Amino acid sequence: MIQRPQPGDRFRIRILRRWYAVSWVLLGLCPPVISMLNHRGTTMYWSLTLLAVLALCYATVVAFPRNPVLRPHAFLGVLVLGLGALSLLRGDGAALFIVSLPHFWLFARSPRHAIAFSGAAAAATVVGIVRHQSRHVEDFSTGNIVFTLIGYTAGVLLGLGIVRVIEQSDERARRLASELESAQLRLAEAHKLQGATEERERLAREIHDTLAQGFASIIVLAEAARSSLDTDPGRSARQLLSIENTARENFTEARVLVGSAPQSGLTPGSFAKTLRRTLDRFTEDTGIAVTADLPDVDCDQPTRIALLRCTQETLANIRKHAAASAVEIVLTPSPYGVELEITDDGRGFVVEDSHGFGLNGMRNRLAELGGELTVTSSLGDGTRVLAVIPTNSQV
């Protein structure tokens, strides 16, 4: 796709055309008119008439380029005849011919036509000068003839040079347009691949935070229920009920991921109650005591989901790695956002050495909302997880 001329380019072209039109009138038409004012007779009247006709034809072509009467090619024919006739009448048409040379390159259909028309004009000018001076032997001079031939030669060379420059510019424009189109296609493909990659990462994060955690809980509960089936049937029954509830939640989350159900994980109502149910399930499954300070915070759905997923991931890490006996969770609204702090008294870890998918997933999820995750821990001193999401929430 070739780039279209810009509005600024068209403006500059119009300015150049107008500048040349003024120059042609001032330097081409006005000098013969002024010189004719000192003469009387038919020569003056015919010369002024021819100049007026050339000026009128040029104005018509410029103002109405698509008029059906005088097309640009027809104007060039009129210009050839007018230059020849003026040279025949006055005997000094070289200056007007040279000033008129750009017309042939502006209005001709091709460089070949421009060379042909300007050559015809040069020939008509030379013939007119020779015929005029042959009737006035005492005034015979080759100066106008020489300047006409030099002007024609220079006009052809200059015109061909300009055409060559324009062709090279057009070729560069086509090449750049082709390269730009290829770059746009590559960029679109890269965006498509990036979108697919981001979608895979999103699905992987959602599966890790929902289905994978649920399946891990089911495995732990099933092992515990099997081991206590003979010694403590009541406990096994409770664990089997937890397995059933977890499986139902996983089924609901699976429907969400495949798009056959609206986004879930959060039931309508209090967000604090949703977190409380998650903590109660965690205590029921693990026996770890949880202390919670959960005021009723009003925030949008993406913030609620992000905080819930961070809670689920942190509790899953505590269950699998911390060997903790107590967990404390605090949900704090503030004028600039919402904070969720989860601490445990487990074995701790070296944060700099941890590159797990869960922590990175939490960081990415919060970053999408402009939030931040801070993890503080050391060996033997437990772990503190602080999630902060900026929001306009109010208590």
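The values are calculated or read from the model by the stated rules, or taken from the named source; none is laboratory data. Computed from a prediction, not measured in an experiment: that's the story for all the values here. Cβ: placed from backbone, ideal geometry, glycine included. Neighbour counts: every protein chain shown. Side chains included, ligands, DNA and RNA excluded: accessible areas come from the protein's heavy atoms. Shrake-Rupley method; radii C 1.70, N 1.55, O 1.52, S 1.80 Å.
Before moving on, here are some points about what is shown:
- For A326, distant residues with modelled amide H under 5 Å away: D345
- In this view, the solvent-accessible surface of D230, computed with a 1.4 Å probe and all protein chains in place, comes to about 140 Å².
- Using C-alpha pairs under 8 Å with a sequence gap of at least 6, the mean separation divided by the residue count of the chain gives a relative contact order of 10 percent.
- Translational diffusion coefficient (Stokes-Einstein; Kirkwood radius from C-alpha pairs) of segment 57-202 at 4 °C, 1.567 mPa s, in µm²/s: 70 µm²/s
- All Cα pairs of segment 104-179, percent lying beyond 22 Å: 43 percent
- Using equal-weight Cα scatterers in the Debye expression, the normalised intensity of segment 89-148 in log10 at q = 0.16, 0.27, 0.29 Å⁻¹ is -0.51, -1.03, -1.13.
- Over segment 119-235, accessible surface divided per residue gives 66 Å², non-protein components excluded, 1.4 Å probe.
- Under the Karplus curve 6.51 cos²θ - 1.76 cosθ + 1.60, θ = phi - 60°, whole-Hz ³J(HN,Hα) for segment 310-325, x wherever Gly or Pro sits: 5, 5, 4, 5, 5, 5, 5, 5, 4, 4, 7, 10, 7, 6, 8, 10
- With the charge dipole of the chain set up from +1 on Lys and Arg Cβ and -1 on Asp and Glu Cβ about the Cα centre, the Cα lying farthest toward the positive end among the listed residues I34, Q184, F282 is that of I34.
- Sequentially through segment 228-245, phi angles give Karplus couplings (6.51, -1.76, 1.60; θ = phi - 60°) of 10, 4, 8, 8, 9, x, x, 5, 4, 5, 5, 5, 5, 5, 5, 4, 4, 5 Hz, Gly and Pro residues having no value and appearing as x.
- Accessible area of segment 289-388 belonging to carbon and sulfur atoms, whole % at 1.4 Å probe: 51 percent
- Extending 7 Å from the Cα toward the beta-carbon at both A216 and A289 defines two label points whose distance is 2.5 nm.
- The C-alpha atoms of the chain define a longest principal axis, and helix 357-368 lies at about 50 degrees to it.
- In segment 27-60, the chymotrypsin sites (Phe, Trp or Tyr not before Pro) that fall in loop regions by DSSP, at most 14 other Cβ within 10 Å: none
- Classification of segment 159-238 by its C-alpha gyration tensor yields a prolate form. The axis ratio a/c (a ≥ b ≥ c) is 1.5 or more, and a/b outweighs b/c.
- In the chain, helical runs assigned H by DSSP with n ≥ 4 each contribute -39500 (n - 2.57); averaged across all residues and rounded to the nearest 500, the mean residue ellipticity at 222 nm is -22000 deg cm²/dmol.
- Compactness of segment 282-395 - radius of gyration and Dmax, Cα, Å: 13.7, 38
- In the chain, the DSSP beta bridges split such that about 80 percent are antiparallel, to the nearest 5.
- Rel. contact order, % - alpha carbon contacts under 8 angstrom, at least six apart, segment 38-146: 28 percent
- Phi-based couplings in Hz for segment 188-202 (Karplus 6.51, -1.76, 1.60; Gly and Pro marked x): 4, 5, 5, 5, 5, 5, 5, x, 5, 5, 5, 5, 5, 5, 5
- Full extension of the chain between A154 and S334 yields a length gain of 56.6 nm, computed as 0.36 nm times the residue separation minus the alpha carbon distance.
- Taken along the Cα-to-beta-carbon direction at a fixed 7 Å, the label points for H113 and T142 span 3.6 nm.
- Only one item in (i) 44.9, 142; (ii) 20.9, 66; (iii) 22.3, 87 matches Rg and Dmax of the Cα atoms in Å derived from the coordinates shown, and that item is (i).
- Using alpha-carbon coordinates, inclination of helix 213-227 to the longest axis of the chain, degrees: 20 degrees
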